[in-house]
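Every read-out reported here was derived from the displayed coordinates using simple, explicitly stated rules and does not represent laboratory data. This one's a predicted model, so the numbers in the text were calculated from it and none came from an experiment. A quick note on method: Cβ atoms are made from the backbone with ideal geometry, for glycine too, and the neighbour counts reach across all protein chains shown.
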Amino acid sequence: MLRIAIIGCGRIAIKKHIEALIQNSDKFETVVVCDINEDKANKCANIFEKKLNKRPEVEIDYKKVLSREDIDAVAIATESGKHYEITIEALSSNKHVLVEKPMALSTKHADEMIELARKKNLKLEVCFQNRFNPPIQELRKKIEEGAFGKINYGVATIRWNRNKEYYRQASWRGTWEEDGGALMNQCTHNIDLLQWMLGGEIKEVYGVIRNFNHPYIEAEDFGGAIIKFNDGKIGIIEGTTSIYPRNLHEKLGIFGERGTVIIGGLAVNKIEEWRFEGEEEHPFMNLPDPDTVYGFGHVPLYKDFYESIVNDRKPYISGEEGKKAMEIVLAIYKSAIEGKPVKFPFEFSTLDMRNGVIK
């Protein structure tokens, strides 16, 4: 058993991290739940007590949690702008870290997190839980088997709605300092899947962003991009939270010389098109949608995090892997204010957007 603490008891912790820890209660003992809002922390603790008949301690100061020697790991589910600071302090305190996406809001900060985990020989895993979706795993197998032949391009489409009430629930949402916009918050999961399936080094990104319907936030509610990979593959991104009147769909398409796959559903959890020679259908075309857009992936994510620690192996979604989607989004932002493609490698932060003029 590993002893773990949750830092941040908001929406994603309530909806998914608690569920994942309860279902992995043979692997993790949740010792502490921490939030600056004590009511939120108590709400988390109550759920654990009801489901497992054991109540974790409640704390409002994460620094006190990190100073404890009886905690092996922490799950960080705070607002995005706090991920870097808390992760660095956790790793410095010899805790393994599972951090929500995006791992940071700066290329420099992400590199520092990765380097410190390596230096301290600690595990750093990023919550891109949709990689564990059964249809995504099936697609990954086909890619690794070479079933597509040459992969030409891929498309990530995220057509969602977030209204004013959503942003009013938390003042950090939609800010450059603590969040970013639709691409960084809502679309980063599918961007991660797109780059993972296409693979290879990125040459350059050309992006545009707009704020069509949300004048009360700093960041974008729409982003589009073309990604050029060094080996010739192309990635296309269309992501928005401005769809009327509610979420429409999320899709990932991969297109090659001998294969076509489109995965859709509420959380890229259902195969829509599956075309290879001799294959025109797949059992996962009829999978049910999950209860939320977060999907079912946090349970296997926590299992992987546990196994990476006890078996001393690299996590499935390591810091190096977790950085890639964030880096693409930052390249889109940088491209949007420079009005030209951004070549890799580069340095950039969401804070750099504050004084930039979007072109």
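Can you list which of the chymotrypsin sites (Phe, Trp or Tyr not before Pro) found in segment 143-247 are DSSP loop residues with at most 16 other C-beta atoms within 10 Å?
The qualifying sites are TRP172, PHE212, TYR216.
Hey, what angle do you get for helix 107-120 against the long axis of the chain, alpha-carbon based, 0 to 90 degrees rounded to 10?
Helix 107-120 and the main axis of the chain meet at about 50 degrees.
What share of Cα pairs, in percent, lie more than 30 angstrom apart in the chain?
For the chain, the fraction of Cα-Cα distances above 30 Å is 36 percent.
Grab the beta carbon distance between ARG118 and ASP231, set R0 = 25 Å, and tell me the FRET efficiency rounded to 0.05.
0.40
Within the chain, what's the longest stretch lacking GluC sites (Glu not before Pro) that sit in DSSP loops with no more than 10 other Cβ atoms inside 10 Å?
70-200
Taking the 0 to 90 degree range and rounding to the nearest ten, how far is the long axis of helix 134-145 tilted relative to the main principal axis of the chain, both from C-alpha atoms?
In the chain, helix 134-145 runs at an angle near 60 degrees to the longest axis.
Going by how many other Cβ atoms sit within 10 Å of their own, how do VAL33, VAL65 line up, fewest first?
Listing VAL33, VAL65 from fewest to most nearby Cβ atoms yields VAL65, VAL33.
Ranked by Cβ crowding within 10 angstrom, fewest neighbours first, how are VAL329, VAL74, VAL155 ordered?
VAL155, VAL74, VAL329
Mind listing which trypsin sites (Lys or Arg not before Pro) in segment 182-276 are in a DSSP loop and have 11 or fewer other Cβ atoms within 10 Å?
ARG246
Cα axis of helix 298-310 to longest principal axis of the chain: angle in degrees, 0 to 90, nearest 10?
In the chain, helix 298-310 runs at an angle near 70 degrees to the longest axis.
What does a probe at VAL208 reach in segment 343-359, counting residues whose amide N is under 11 Å from the point 7 Å along Cα→Cβ?
359
Which whole number of Å³ per residue matches the convex hull of the alpha-carbon atoms in segment 214-270?
Value for segment 214-270: 110 Å³ per residue.
Is there a quick way to get the dipole size of the chain? I mean about its Cα centre, with the Cβ of Lys and Arg at +1 and of Asp and Glu at -1; what is the value in debye to the nearest 20?
260
For segment 112-190, what class follows from the C-alpha gyration tensor (a ≥ b ≥ c being the square roots of its eigenvalues): rounded when a/c is under 1.5, otherwise prolate if a/b is larger than b/c, else oblate?
oblate
Taking every Cα atom in segment 19-74, find the radius of gyration and the maximum pairwise distance Dmax, and write them in Å.
In Å, with Rg to one decimal and Dmax whole: 11.0, 29.
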